[in-house]
Every structure is written in C-alpha cells, then in structure tokens.
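See structure below.
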Amino acid sequence: MSTFSDFGLLSSLFKTLKEKRIVKPTEIQNNTIPLLMSGQSVVGVAETGSGKTLAYALPLLHMLKSLEDGGEPVTAEASPRAIVMVPTRELGEQVSKVFKTLTHDTRLRVRPALGGMAMEQARRNTAGAFEILLATPGRLVQLMDRDMINLTDVRMLVFDEADQMMDQGFLPDSNKIYYACPKDLQLALFSATVSPAVQELINDLFAKAEVFRSSGSGKVVQSLTTQNRIVIDGKRWPLLEKILAQPVEGGTILFTNTREQCDNLAKELADKGYEAVIYRGEMEKNDRRMNLKKFTEGKVKLLVATDLAGRGLDIPNVDRVINYHLPKQKENYLHRAGRTARAGRKGLVINLVTERDERVLAQVEGRKMPAVRDAAKYASQPYKKAKDAPVVKGKVPAKPVGKAAKISGKPVMKAKTAATAKPALKGKPKPSAPPARGSKPSAPPKRRR
C-alpha cells in the first residue's frame, strides 16, 4: 500500500486524513492496518514516533462506524464496543486528541476513564451510551468491581504502549479485563520495545495474533542525528552551557535519571538565567500538566524531565533531546530519543557521556564493548604512575615498605625485622609496674607444704 486510499477506509475517515494532509502511511501503519481491518489480532512493535496510534485508531473507527451504518448502533448504557488501554493519564489525553480529530465526521463517541481522574467523573463519563472506552487498567478494574461498566459487547481490545503498561505492574489487571470480554474478541498490542512482561502478555493472550516488527524497532529513527560529548572530570555543566548557546527552533528536553537530579539541574538552569519547567514523578499532577502545557505551547523552551516524559508523550516541535544523565537501559534510551524526530521529522539527540555510559551506548549502537576501556579520555590530566608522583617541597617521602608506601601523605615507618629487633634481656625479669592507685592488690601465691 502506498497511500491511505488503498486501504478501503470509509469515505468519512479518508476525508479527515486528506484534510490533515496525512497521505502516506508509515511502515507500521502499512503492515498492520490491513490485518486489523480484516479482523485479525495483531502485535505491532515499532520505534517511537512511527505512527502506532493511527495504526489501530483507523481500523477501529472503520469497524465501529461500519456496524452503525449496518443497523447496529450502540444503545446500551455503559457498554462500550471497543477499549483502548493506556498506561498513564497523560498518554490517554493525547490519544483522546487523536480520536477527536478522526471522529469529527464519524460522530463516534470516545469516553475517558483514566487514573488521576476523580472516580465520580469517571463514572459520569461512562454512564451513557458510547462506542470507545479510553482507560487505564487500574481505573477500568475499579469500574468493573463496582459494576459501573459492562464489557459483554466489546469487539476490540487495544493495548497501547504495552511496555510501559507492563512496567507499572498492570499485567494482572490486563488479564482480568481480557477475560471479562467476549471470547471472539479481536486484540491489538502496540509497543516500542518488548520487555519480559510484555512477552508474557503476548504469550498468554496473543498466541494466534500476527506479529509485525518494523525494521527500525529497537533502533532510533533514521531522521535522527546523534552527538556524543565526552564529560571531562565529571563536569557536565560546562558542556551543557556550550550546547544551549546553540539554540534550536523548537523545544529541548533535558533528561535525568532521578527526581533529585532533575530538581538540581532545574535549579542550576534557573540560577544561570535559563527558564525551564520540570516534568517528573512525585509532583502534583496539575503542576505537571501545566508545565507540560507551557512547554508544548512554546512558552518555555526547556523541559527538565525524568523517564516519565520518555514514554508515550507526543509533544510537537521537540527539536532536541539532551541526555544530561544517560539511562542505564537501552529501552529507556530509545524512548527518550523518540521524543524528537517524530513522524519523519528531523531531530537531534546529544549525549553527555561518562565512563560508566559506555555500555549502554555500545548496546544502542550495536557494537561490542572494548576489552580495555580508555579511562584517560574522561580526565583532564593523564594518569601518572606512583613513581612519577610529585614530591612536595620541604618533605621527602619515605621509602615504601611492602605494598604500603604512604597513608594520607604521611610517611610509614619501617617495620622492625628479626635482624633489627633488640634482643631480649637475660637474667631476672624486669619488675612490673606498681598497681594503679585505688586498685586492690593481687593475692600472694600460696606456698607449697
């Protein structure tokens, strides 16, 4: 297939695509849309930014609208015909926007029930008749436990960003939702990487599914440029200042590994006069959403984040990603890099590299680790042998004895050997010291009779 017109989509959907100037399908779309439209279950593994949301949204809407046009509209309350499961509220809101642009002409109804949303609001959202439920697994299970939702008419169940979903421990909830749906359910799973938990889900539920892996899965996209900058003596900030002195048109995301690193970097940026916002865990969700909105709208050009921002977020106009602290796992690196160069656009990733980062970079680049590491390139001064150590003026270092030469700069005294030790005194033993004042004298030895 070379264009979306070749898929046989409903005219209302094709019209929307044409208005949005979405003409040519990506690799993942080209290979999974025909399978889903034919009713097959599908597993799609592709790099971030490859268009996975559209890959399942179009067949899903085509199927639901075709049922409605064929005289089978949804009339029962709280009884969706399709479920799209997402790992987080933020991703759910983004997926909702995609559906909103596609349902303008189809008039199909999408209702969210997401984590972080008040339970009463989730209940109201799902109370009436609607076609598509967009939910996080935990919130959906809560609705099921309270008999607020009926899944007996579900025709398609989609797992979006399955790797992140499973990382958060949603496998039991996902299984519970699956078994509450009809047996002839059509399934779709889309993920950027396949973790052991995702593989377990595929083995359990997708035994009969068609599995497609894009040529770029497990890799960064071809439109991405990568630069590695060596961190000397552990000093990252001088490198970052030089990088930020070269502005880009869009936004820049700076990734760290921990919340503490995130806060410290944001403070340092503020102290140096840079305006930046934070996106991490353990902060008020409203604050996080407001910060993301400022960055998305271009009001702030710098977003300092942890890996929470590395997955699922489709932020437009991110031209540069800076790994201020590189992650330890290849999967997290790929997710971070996927925040830029999305949907065929160009992007730049800059890595601040320390000695400990060599392993993850070797995995990303598909090369073996060298047998001997060149640690010297990470230091401003070359390493010197002990014999070349400088002598402090006015002090002469003592000669080393055995393995120990100096401790804290102080000379170690030469140990006595059998040859140098003084011989023991002959004759009467030296009297012992008198007892301390106040102590009881020891009893005299008893005489033999």
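The values are calculated or read from the model by the stated rules, or taken from the named source; none is laboratory data. What you are looking at is a predicted structure, and each value in this text was computed from that prediction instead of being measured. Glycine also receives a Cβ, built like all others from the backbone with ideal geometry; neighbour counts cover every protein chain displayed.
List of remarks:
- Criterion: assigned to a strand (DSSP E or B) and buried (at least 16 other Cβ atoms within 10 Å of the Cβ) - qualifying residue of Ile243, Ile278: Ile278
- Gln168 being within 22 Å of Lys52 (Cα to Cα), out of contact with any Cys (no Cβ under 8 Å at 6 or more places or on another chain), assigned by TED's automatic domain parsing to the domain that holds Gly39 and not hydroxyl-bearing (Ser, Thr, Tyr): yes
Each row is one residue, and each column tells you yes or no for (1) over 20 Å from Glu161 (Cβ atoms); (2) under 19 Å from the mean Cα position of the chain (by Cα).
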{"site": "His325", "(1), (2)": "yes, yes"}
{"site": "Gly338", "(1), (2)": "no, yes"}
{"site": "Ala341", "(1), (2)": "no, yes"}
{"site": "Thr354", "(1), (2)": "yes, no"}
{"site": "Lys377", "(1), (2)": "yes, no"}
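- Candidates Asp307, Asp314, Asp319, filtered to the one that is buried (at least 16 other Cβ atoms within 10 Å of the Cβ), within 29 Å of Val231 (Cβ to Cβ) and under 17 Å from the mean Cα position of the chain (by Cα): Asp307
- The single condition among (1) assigned to a loop (DSSP other than H, G, I, E, B); (2) hydroxyl-bearing (Ser, Thr, Tyr); (3) surrounded by 19 or more Cβ atoms within 10 Å (Cβ to Cβ) that Ser2 does not meet is (3).
- Selected residue (criterion: surrounded by the fewest Cβ atoms within 10 Å (Cβ to Cβ)) from residues of the range 168-226 that are within 25 Å of Leu140 (Cβ to Cβ) and among the charged types (D, E, K, R): Lys183
- Residue satisfying all of: in the range 252-274; part of a helix (DSSP H, G or I) and aliphatic (A, V, I, L, M); surrounded by the most Cβ atoms within 10 Å (Cβ to Cβ) among these: Leu265
- Any pair with Cβ under 9 angstrom, 6 or more apart, that starts in the range 28-42 at a residue that is under 14 Å from Leu187 (Cβ atoms) and in contact (Cβ under 8 Å) with a residue 12 or more places away in the chain and ends at one that is of a type in the set (Lys, Arg) and surrounded by fewer than 18 Cβ atoms within 10 Å (Cβ to Cβ): Gln40/Lys208; Ser41/Lys208
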